[in-house]
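So the structure is just underneath, and the comments pick up after that.
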Amino acid sequence: MTTPAARAAELWRLIERANHAYYALDRPEISDAEYDRLFRELQALEAAHPELRTPDSPTGRIGTEPAAAFRKHRHLVPMLSLANAFNEAELGEWEERNARLVPEVRQAGYTLEVKIDGAAVSLTYADGLFVTGATRGNGVEGEDVTANLRTVLNVPLRLQGGGWPKRMEVRGEVYLSKSRFGKLNEERAHAGDPPFANPRNAAAGALRQLDPKITRSRGLRIFCFHVEAPGHKLPVATQHDLLQQLATWGFPVEHHHKLTPDLAAANREIANLEPLLEHLDYGADGVVVKVNPLDLHAELGTIGDREPRWAIARKFAPEVRITRLKEIRVNVGRTGALNPYAVLEPVEIGGVTVSTATLHNFELIAAKDILPGDLVEVTRAGEVIPQVLGRAPTAHGRPPRKHKKTFGPPKTCPVCGSRVERPKDEVMVYCPNVSCPGRILESIVHFASRGTMDIRGLGYERVRSLLEAKLIADVADLYDLKNKKLQLLALEGFAEKSVDQLLAAIEESKQRPLSTLLFALGIRHVGAEGARLLARHFGRMERLQKATAAEIGQIRGIGPAIAEAVAGFFAEPRNRKLVERLEALGLNMREPKAAPDEAGGPLAGQTYVITGTLPTLSRARASELIEAAGGHVTDGVSKKTTALVAGADAGSKLEKAKALGVPVIDEAELLRRAQAQP
């Protein structure tokens, strides 16, 4: 007679085999009804005999109780970012740089892997068992989302075969299939919920749900492609063999990967892969090219602990679509800046329906000569932010206008009606009213966002609800909400569990360093880097508040515009009172002692400003690159600026750099300087 333990083991084996066949191999072996029968039988056995339930049981994928918050997880080895190449020439330059360090790369061969457009994660295994799963985070430290990753049905809970390192971290990309994304949005529309913007954001958001049951309902999947095992030797010598080994251990591996003998062959295969990507059921935004021998990975190393030299993403040209510009609207930002944006006839770009797009500023609208009613070209900058490139070329052209027309800035604020201001030497116009409802909404959303105080659960709709209910009027009021729990529970969409989570997130945010708080306050011209420089120099809020513009301007990397803006901010009684309230409410007003700047690096002692849209690098990625090479990034151009890095649609900073005689360089020159040997 079969014992309960033996039957449970057999059910475990059958269910995991079915999961692997269906989700990893795309070859179902049993019917859905048979799978459900086996699963329910195992559930019943484990309920009757709790001692039979193991950490890697398939029933553990259902989801545990919601967590109050995510713990931090430090990766065994930092999860690096990839540099981009947009054509064969740039790919050749990448090989040339590597060959100067390790000549063997030219004949070593390359693996090509489809670059999945999802959320990067790490999966830690100990003795073949899945123990921890985490988001990428900042590359060094992410969030522990183990319970959520257990619900991803093609994540192996126990590895197959043998030969794996005793402890290893497997890297992968969690994604939401296009077909599942469409069904989810249909379900959300039927339920009256707003649709998800795109599969990548939906996948990332699902991973950060505090309730694993919500994650499980989204139907996420994963592809794996890399292993880190410090102190342990891998049983393979090449990247191509590693992909095969991962599949043998039970990991899902994207099956279009190729092994090529040299870069010429790689370019031919990439050309074949490009038209394939749009037909896949998962988002893919390029091909990752990797040096094949693993021993050369260590020899080539990394660039500033930011990106590996042995791998690069071969990106393809972004999609450009033509649609009609219905109207131009203006919103008010946190600093009072009036930001024009386009309302478009909906158009699909890269699997995402786009109906609005940025127009940057009014000078660019005039330069592009666009008006409501025009057909315009639209793309997604960095494959994320929709932007209008300009008027679309047509067979007959646009009929000539009888009179020259342009779309200029409004004379009054579209929210509060105050007369707008335009500071000298700036392209932006501003609403000067610090009590403008538009400014208040944006300032609180900015204060709570992930890049600043990171108060989870406090997006636009919730902030709008709190303002309309008069529970808050500024950011300091957020920290009084713990005394207004009953009023919060009376608001639509504020259930007890979500309110408790929100209050916990607000309380946790009090510990953020001074640099984060300064950026969160939304001082004009002060970005994340400027806030860091100010906090490092002054150390405490009270010292910064007392500083004059001249004293602030002496800080390397802080220009006159930033210095004047900071001094002006703290000269305003309303702002000083706000800071005093925040301090009384328990927020941190100090910056931890900063480590001394690295002495080396090809950009050591140099200061850069970035403007416009760069061809391949986001502004954040370009800043990281400069800092990794020992340089500094500031928000304003001054005589102390080493160079201005200018991309498309560069604005007033470009003109100011030319007027001051500051060198202007492009992305290619920045990369050359940053990668030069010191």
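The values are calculated or read from the model by the stated rules, or taken from the named source; none is laboratory data. Note that this is a predicted model, so its numbers are computed, not measured. Virtual Cβ from ideal backbone geometry, glycine too; neighbours counted across all protein chains shown.
Some observations on this one:
- Qualifying positions in the stretch 10-55 - modelled with pLDDT of 70 or more and among the charged types (D, E, K, R): E10, R13, E16, R17, E29, E34, R37, R40, E41, E46, E51, R53
- Residue within the stretch 108-125 that is at pLDDT 90 or above, polar (S, T, N, Q) and in contact with an Asp or Glu (Cβ under 7 Å, 6 or more places away or on another chain) present: yes
- Of the residues in the stretch 90-99, not one is assigned to a loop (DSSP other than H, G, I, E, B), among the acidic types (D, E) and assigned by TED's automatic domain parsing to the domain that holds H257.
- Failed condition for I523, given (1) touching a residue at least 40 places away in the same chain (Cβ under 8 Å); (2) farther than 30 Å from V637 by Cβ: (2)
- Only one of the listed residues (G557, G522, G530) is assigned to a helix (DSSP H, G or I), crowded, with 20+ Cβ neighbours inside 10 Å, of a type in the set (G, A, S) and not assigned by TED's automatic domain parsing to the domain that holds V475. That residue is G530.
- The single condition among (1) modelled with pLDDT of 90 or more; (2) closer than 29 Å to L587 by Cα; (3) among the basic types (K, R) that K411 does not satisfy is (2).
- Restricting the stretch 628-657 to residues that are of a type in the set (S, T, N, Q) and buried (at least 20 other Cβ atoms within 10 Å of the Cβ), the residue that is nearest to the chain's Cα centre (by Cα) is T634.
- All conditions but one from (1) buried (at least 18 other Cβ atoms within 10 Å of the Cβ); (2) over 21 Å from K166 (Cβ atoms); (3) touching a Phe, Trp or Tyr at 6+ places or on another chain (Cβ under 8 Å) apply to D262; the one that does not is (1).
- Candidates T146, T151 - the one that is free of Cβ contacts under 8 Å to residues at least 24 places away in the same chain and under 16 Å from I222 (Cβ atoms): T146
- Test: residue in the stretch 155-162 that is among the hydrophobic types (A, V, I, L, M, F, W, C), part of a strand (DSSP E or B) and at pLDDT 90 or above: no
- Qualifying residue in the stretch 327-334 (condition: touching a helix residue (DSSP H, G or I) at 6+ places or on another chain (Cβ under 6 Å), touching a residue at least 24 places away in the same chain (Cβ under 8 Å), outside any helix (DSSP H, G or I) and not β-branched (V, I, T)): yes
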